[in-house]
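Here the structure is laid out as structure tokens; the discussion comes afterwards.
The values are calculated or read from the model by the stated rules, or taken from the named source; none is laboratory data. Keep in mind that what you see is a predicted model, and the values were worked out from it rather than measured. Positions of Cβ are backbone-derived with ideal geometry, glycine not excepted, and every protein chain shown enters the neighbour counts. The accessibility values were calculated without ligands, DNA or RNA, using every heavy atom of the protein model including side chains. Shrake-Rupley method; radii C 1.70, N 1.55, O 1.52, S 1.80 Å.
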Amino acid sequence: MRNFIMFSLMTLLSGCAIGPKYVRPAASIPAAYKESKDWKPARPQDEIIRGTWWKIFNDPQLDALEREVNISNQNIAQAQAQYAQAYALVQAAKSSFFPILTTNASYTRSHGASGSKSASSQTVLGADVSWELDLWGRIRRQIEANRANAQASAADLENVRLSAQAQLAQDYFQLCSMDTQKKILDGTIAIFQKFLKLTKDRHASGVASESDVIQAQTQLEGTQAQEIDIGVTRAQFEHAIALLIGKPASDFSIPSLALPGIVPSVPTGLPSQLLERRPDIAATEKTVAAANALIGVAESAYFPTLTLSASGSYESSNLSRIFSSPNPLWSVGPALAETIFDAGLRKAQTAQARAVYDADVASYRQTVLTAFEQVEDNLAALRILEEEAQIQDEAVKDAKKAVMLETDQYKAGTVSALDVINIQATALTDEKTAATILGERLNACVLLIQYLGGGWRE
């Protein structure tokens, strides 16, 4: 038995792993982000995005909602269960390294021919051991593949988590944008109501025409309709947030909010760091690693399998003496098996494994290219939107000043009511546009953080 064990261990340790050694596929990586040449460098405190990245916005309400996403989001719960399944497959594959031990027991009692009073009993207790030696690395390659799949599943989990967090932040800022626009409309409605009263007073004194009153009334009612319509979009964003945090939309509400006035700067790092920071890139790369290992599993089928087995049993007609000599029986020996002809099955399976690997490599490279596109898109969006916001803010200031001047001139009788109404409409549009641009800037900031990998590390 000692010689048998030593032979088994030496044979196992001397085995080689068939199949190509894994190397991360090459991908096109730029030296720098094209859109980052005018990018503001982030200050050291911006490193907080390495973990709870949404804290960069300094919004307690957003912080509370993001915590709920990690706890109650059902897509995250599903991805966690899928990762647990992938991890269990790794443990299952590792079990193939060890022998399989089975036991059996039986008891039979038989009678002689008809009319005979003789009877006999037979008790059998046995055990079998079977151990397939991993000579060619099939088991090792399978474990390698399962481990890579588990790592891909872990990255998928983090990608689902990051996507849910980013989607919640986007919906949250869109909701804030709706509330900000509603406040703008509420303030404008108050101004239009005052202008309508002014027009009615002037009409009553014979200075303004009835059409002036109708025009002012029409503008007021149209603005009131816009203010009501915003409630539909706001409710949809509120319901979307409820879904993301795993709560029924009927039981969830958010009080009126306002857009933050500052859009934080985000540290971009080097383009090469994207390969380590994006969980979706890591997931596709680990899928390539799994496919590479499965090539070795397929190629190992060309080689024979060596199985060591041993069995032993005790047989006796008397249960009390079953363990006494000469009742024990035992056998031990190796078995070598090799497929001689399979009509090209192994060749086809190996070709399939290589084709899967090639497809996964292409998917990995496409994911990398898409990642750089997404980062560049949002760097450009933030840069351009910042320039647009500066001009739009000036337009809002000028429009408000123009409304005051036109109103004074209307009181003096030098301009018509239509002139005032037109400039009021322009001022309202400018204010709403400014709020929309701010919301777009915050959304682009969220997307940039997401596409840079958030707080995840490979």
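Remarks
- Residues that are open to solvent by less than 40 Å² (accessible area, probe 1.4 Å), within 29 Å of Arg383 (Cα to Cα) and over 24 Å from the mean Cα position of the chain (by Cα) within the stretch 250-272 comprise Leu257, Leu259, Pro260, Val263, listed in sequence order.
- Residues of the stretch 252-302 that turn out to be under 30 Å from Ala32 (Cβ atoms) and not in a loop (DSSP other than H, G, I, E, B), as a count: 18
- Residues being surrounded by fewer than 13 Cβ atoms within 10 Å (Cβ to Cβ), within 30 Å of Gly126 (Cβ to Cβ) and not β-branched (Val, Ile, Thr) - total across the stretch 331-367: 6
For every residue, the table says whether it meets (1) open to solvent by 30 Å² or more (accessible area, probe 1.4 Å); (2) touching a Ser or Thr at 6+ places or on another chain (Cβ under 7 Å); (3) β-branched (Val, Ile, Thr).
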position: Ser106; (1), (2), (3): yes, no, no
position: Arg109; (1), (2), (3): yes, yes, no
position: Val124; (1), (2), (3): no, yes, yes
position: Glu144; (1), (2), (3): yes, no, no
position: Gln151; (1), (2), (3): yes, no, no
position: Gln174; (1), (2), (3): yes, no, no
position: Met178; (1), (2), (3): no, yes, no
position: Lys182; (1), (2), (3): yes, no, no
position: Gly206; (1), (2), (3): yes, no, no
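- A single member of Ile421, Ile384 is among the β-branched types (Val, Ile, Thr) and surrounded by 17 or more Cβ atoms within 10 Å (Cβ to Cβ), and it is Ile421.
- Scanning the stretch 400-418 for residues being open to solvent by 80 Å² or more (accessible area, probe 1.4 Å) and in contact with a Leu (Cβ under 9 Å, 6 or more places away or on another chain) gives a total of 1.
- Among the residues of the stretch 127-163, those that are under 22 Å from the mean Cα position of the chain (by Cα) and among the hydrophobic types (A, V, I, L, M, F, W, C) comprise Ala145, Ala148, Ala150, Ala152, Ala154, Ala155, Leu157, Val160, Leu162.
- Cβ pairs under 7 Å, 6+ apart, first in the stretch 382-411 and within 17 Å of Lys432 (Cβ to Cβ), second open to solvent by less than 30 Å² (accessible area, probe 1.4 Å) and among the β-branched types (Val, Ile, Thr): Leu385/Ile437; Glu388/Ile437; Ala389/Ile437; Gln392/Ile437
- When residues of the stretch 212-230 are limited to those that are among the small types (Gly, Ala, Ser) and without any contact (Cβ under 8 Å) to a residue 60 or more places away in the chain, the one surrounded by the most Cβ atoms within 10 Å (Cβ to Cβ): Gly222
- Of Asp393, Asp408, Asp430, Asp419, all but one fail to be touching a helix residue (DSSP H, G or I) at 6+ places or on another chain (Cβ under 9 Å), over 23 Å from Ala258 (Cβ atoms) and acidic (Asp, Glu); the exception is Asp419.
- Residue pairs meeting the criteria (Cβ under 7 Å; at least 6 apart or on separate chains; first assigned to a helix (DSSP H, G or I), in the stretch 161-181; second acidic (Asp, Glu)): Gln165/Glu66; Leu168/Glu66; Leu175/Glu238
- Considering Asp201, Asp156, the condition of being modelled with pLDDT under 95, part of a helix (DSSP H, G or I), open to solvent by 50 Å² or more (accessible area, probe 1.4 Å) and in contact with a Phe, Trp or Tyr (Cβ under 8 Å, 6 or more places away or on another chain) is satisfied by Asp156 alone.
- Qualifying residue in the stretch 214-231 (condition: part of a helix (DSSP H, G or I) and under 21 Å from Gln165 (Cβ atoms)): no
- Residues satisfying the stated conditions in the stretch 126-142, i.e. part of a helix (DSSP H, G or I) and either surrounded by fewer than 15 Cβ atoms within 10 Å (Cβ to Cβ) or not charged (D, E, K, R) (or both): Ile139, Gln142
- Among the residues of the stretch 274-294, those identified as open to solvent by 20 Å² or more (accessible area, probe 1.4 Å) and at pLDDT 85 or above are Asp280, Thr284, Lys286, Thr287, Leu294.
- Taking the stretch 234-249 as the range and being aliphatic (A, V, I, L, M), without any contact (Cβ under 8 Å) to a residue 24 or more places away in the chain and either open to solvent by 40 Å² or more (accessible area, probe 1.4 Å) or over 11 Å from Tyr172 (Cα atoms) (or both) as the test, the residues that pass are Ala235, Leu243, Ala249.
- Gln78 of a type in the set (S, T, N, Q), surrounded by fewer than 17 Cβ atoms within 10 Å (Cβ to Cβ) and in a helix (DSSP H, G or I): yes
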